[in-house]
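Student: Mind looking over this structure? Questions follow.
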Amino acid sequence: MEYSIKEYLDNQKLLIDNLLHDCIDRLTIPEQLKQSMIYSVNAGGKRLRPILLLASFNVYGKDNSIAMPAAASLEFVHTYSLIHDDLPAMDDDDYRRGQLTNHKAFDEATAILAGDALLTYSFEIIANDHQLNHEQKTILLQLLSQTSGPKGMVAGQILDMKAEDHPVTLEALEQIHALKTGELLRFAVYAGAYLGGATEKELQSLTEFAYYLGLIFQVQDDILDITGDENKLGKPVGSDEINQKSTFPKLLGLEGAIEKKQWYIEKAKRSLANANAADSVLMDLTIYFSERDH
């Protein structure tokens with residue numbers, strides 16, 4: 001495609017950043033809660049999930065204004081999950097993306113409530129969206145609940161915590177990350193394409209694509225924890241080993257992890273072809289996810 005993927009990502013990120021700020025600015029809520037929410041929303045995220053949602057929409061639809069509220073909701077869910085992941089009871093991180101984590105910048109109680117607020121507000125945004133009909137709202141709310149809840153991201157998080165300090169099989173590791181990372185990507189890809197008018201067959205292929213994309217994303221994350229640049233990552237490299245996390249390089253070795261990532265990429269490309277999306281920005285985003293350096 002005749003465009004720069006970096007320019008595309010920068011333009012889409014600016015669009016989404018403005019949308020997220022508008023969503024929070026219009027809230028009349030206690031100032032400390034609002035500032036804590038804004039703090040984590042402004043923490044330098046790449047907005048890959050909402051960008052993926054809009055990109056998926058644009059494969060099948062034209063005016064993506066109908067997809068914007070769902071994109072905002074998705075990013076708020078992702079941001080809430082990061083706030084809670086960083087808490088002392090979970091990963092106990094002091095820094096994220098080069099700045100203090102929410103509970104360090106404010107306090108634990110405020111951080112928990114900011115996460116709760118972002119999560120619940122995400123559902124309100126979709127429920128109040130006047131562009132969507134009742135069927136569209138029901139499908140999006142059901143899918144967001146499923147992908148972010150006890151069958152999705154939350155399940156992946158607890159499985160990830162249980163996998164610390166002892167070895168797991170490749171199948172178990174894939175399950176952890178298909179849930180923890182892949183489920184929100186499934187929402188992004190499916191919701192965008194659904195709102196864009198994709199067929200049931202195309203949606204089925206895109207669901208498969210999202211599964212492999214989540215694994216690509218996680219393998220690259222694991223690789224960067226060994227080979228990455230701390231200044232670009234905004235966190236120390238080697239933290240997975242220190243925290244005794246189960247990772248693809250730990251299980252397969254660094255070269256084995258790189259080979260497995262390539263296998264996932266081929267599977268993702270095949271799924272995109274089956275979804276009539278082989279020549280789309282989704283393909284470029286797949287390559288970007290697999291080669292990103294932060």
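The values are calculated or read from the model by the stated rules, or taken from the named source; none is laboratory data. Computed from a predicted structure; not experimentally measured. Because the Cβ atoms are built from the backbone with ideal geometry, glycine has one as well, and the counts that use them run over all protein chains shown.
Student: Could you please find all residues in segment 35-87 being modelled with pLDDT of 95 or more, outside any helix (DSSP H, G or I) and under 14 Å from residue 12 (Cα atoms)?
Tutor: 47
Student: Does segment 170-188 include one or more residues that are of a type in the set (Asp, Glu) and farther than 22 Å from residue 70 by Cβ?
Tutor: yes
Student: Within segment 242-262, is even one residue among the hydroxyl-bearing types (Ser, Thr, Tyr) and at pLDDT 95 or above?
Tutor: No: zero hits.
Student: Assuming residue 112 fulfils every condition listed in (1) buried (at least 17 other Cβ atoms within 10 Å of the Cβ); (2) modelled with pLDDT under 95; (3) in a helix (DSSP H, G or I) apart from one, which condition is it?
Tutor: Of the numbered conditions (1) buried (at least 17 other Cβ atoms within 10 Å of the Cβ); (2) modelled with pLDDT under 95; (3) in a helix (DSSP H, G or I), the odd one out for residue 112 is (2).
Student: Give me the pairs: first residue in segment 190-201 and assigned to a helix (DSSP H, G or I), second residue at pLDDT below 95 and surrounded by fewer than 24 Cβ atoms within 10 Å (Cβ to Cβ), beta-carbon distance under 9 Å, and six or more apart or on different chains, which are they?
Tutor: As it stands, the answer is 192/64; 195/64; 196/62; 196/64, since those pairs meet every condition given.
Student: Restricting the search to segment 49-63, which residues are without any contact (Cβ under 8 Å) to a residue 12 or more places away in the chain and in contact with a Gly (Cβ under 9 Å, 6 or more places away or on another chain)?
Tutor: Correct list: 62 only.
Student: Does segment 121-141 contain any residue that is part of a loop (DSSP other than H, G, I, E, B), of a type in the set (S, T, N, Q) and farther than 24 Å from residue 53 by Cβ?
Tutor: So far as segment 121-141 goes, no, none of its residues is part of a loop (DSSP other than H, G, I, E, B), of a type in the set (S, T, N, Q) and farther than 24 Å from residue 53 by Cβ.
Student: Which of the residues that make up segment 16-34 are surrounded by fewer than 19 Cβ atoms within 10 Å (Cβ to Cβ), part of a helix (DSSP H, G or I) and touching a residue at least 24 places away in the same chain (Cβ under 8 Å)?
Tutor: Passing the criteria: 17, 19, 32, 33.
Student: Now, a different point. Tell me, which residue of segment 163-221 that is of a type in the set (Val, Ile, Thr) and within 16 Å of residue 147 (Cβ to Cβ) is surrounded by the most Cβ atoms within 10 Å (Cβ to Cβ)?
Tutor: Taking the candidates together, the pick is 189.
Student: Give the number of residues within segment 77-108 that are free of Cβ contacts under 8 Å to residues at least 60 places away in the same chain, under 17 Å from residue 32 (Cβ atoms), of a type in the set (A, V, I, L, M, F, W, C) and surrounded by fewer than 21 Cβ atoms within 10 Å (Cβ to Cβ).
Tutor: Within segment 77-108, residues that are free of Cβ contacts under 8 Å to residues at least 60 places away in the same chain, under 17 Å from residue 32 (Cβ atoms), of a type in the set (A, V, I, L, M, F, W, C) and surrounded by fewer than 21 Cβ atoms within 10 Å (Cβ to Cβ) number 1.
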